[in-house]
Amino acid sequence: MNVHSNSRQANPDSDRYDKRTAILRSTLFLVSTYGFHGTSMAMIAEDAGIGAGTIYRYFRNKDELIYQLIRDIQQRVIVAMLDGYDENKPYRERFEGMWLNMTRYYMSHPAEFQYAEQHRHSGYMQHLARVSSVQILNPVLRFFIEGKKKKLIKDLPLYTIIAISRGPIIEMAKLHIDHNQKLTEKRIQQACHACWDALRVTQWDENIK
């Protein structure tokens, strides 16, 4: 009796999930190493240990595969950001919780960070990625809109607020991953507080007409 064969027949969905996951993992590794245009479907299939034609059972083409992976990464980042989020907590505490969660996620998932950064700068399927990002980022956008309405953060366009919040996270992750600089918890906390200070409403802001 072939135990493995019977197991696959009994769990076809599990087999499909495993192969799809293997394809996505191989794509993440190869694109992070060789870039979008340097990674072929044949390379992905070989790394995933499957036949080249098998990929097309799960993804219509390379574009769909690339798009699905960036969408999956975006979703995981948002889930990590919102870990422990409680709308009853003070606004600043919620901001710092999300900021620290995102920083730590990127630092502990270098391949995902590098893939997302390559995608952001490559222009590869940017229109679809932007639409996906807006949908996935809805909880974060609502959070910043709340802060603006309550005059807890500066009355700036949302894209500016996101740039001020996210920019330091990206640069710190680069230092940690690309330049092998060890970032202490104290340094991470200091950067988080600096971002909050850049966004929070001050008396000077209130005097601006």
Sole miss for Thr54 among (1) within 20 Å of Tyr106 (Cβ to Cβ); (2) β-branched (Val, Ile, Thr); (3) surrounded by fewer than 16 Cβ atoms within 10 Å (Cβ to Cβ); (4) touching a residue at least 24 places away in the same chain (Cβ under 8 Å) is condition (1)
Of (1) free of Cβ contacts under 8 Å to residues at least 40 places away in the same chain; (2) loosely packed, with under 15 Cβ neighbours inside 10 Å; (3) of a type in the set (Asp, Glu), Asp47 fails just (2)
Within the range 75-99, the residues that are more than 16 Å from Ile153 (Cα to Cα) and of a type in the set (Ser, Thr, Tyr) are Tyr85
Wholly inside the range 1-89, helices (runs of 4 or more DSSP H) that include 2 or more residues that are modelled with pLDDT of 90 or more are 12-34, 41-48, 62-81
Within the range 72-98, the residues that are crowded, with 16+ Cβ neighbours inside 10 Å and either of a type in the set (Val, Ile, Thr) or under 22 Å from Ile23 (Cα atoms) (or both) are Ile73, Gln74, Val77, Ile78
The lone condition His119 fails out of (1) assigned to a helix (DSSP H, G or I); (2) modelled with pLDDT of 95 or more is (2)
Of Ile161, Ile153, Ile136, Ile177, the only residue that is at pLDDT 95 or above, of a type in the set (A, V, I, L, M, F, W, C) and within 21 Å of the chain's Cα centre (by Cα) is Ile161
Of the residues in the range 90-107, those that are touching a residue at least 60 places away in the same chain (Cβ under 8 Å) and in a loop (DSSP other than H, G, I, E, B) come to none
Subset of the range 31-40, residues surrounded by 17 or more Cβ atoms within 10 Å (Cβ to Cβ) and either touching a Gly at 6+ places or on another chain (Cβ under 8 Å) or in contact (Cβ under 8 Å) with a residue 24 or more places away in the chain (or both), comes to Val31, Ser32, Phe36
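The values are calculated or read from the model by the stated rules, or taken from the named source; none is laboratory data. Here the structure is a predicted model, which is why all the values come from computation and not from measurement. No Cβ is skipped: glycine too gets one built from the backbone with ideal geometry, and neighbour counts run over all protein chains shown.
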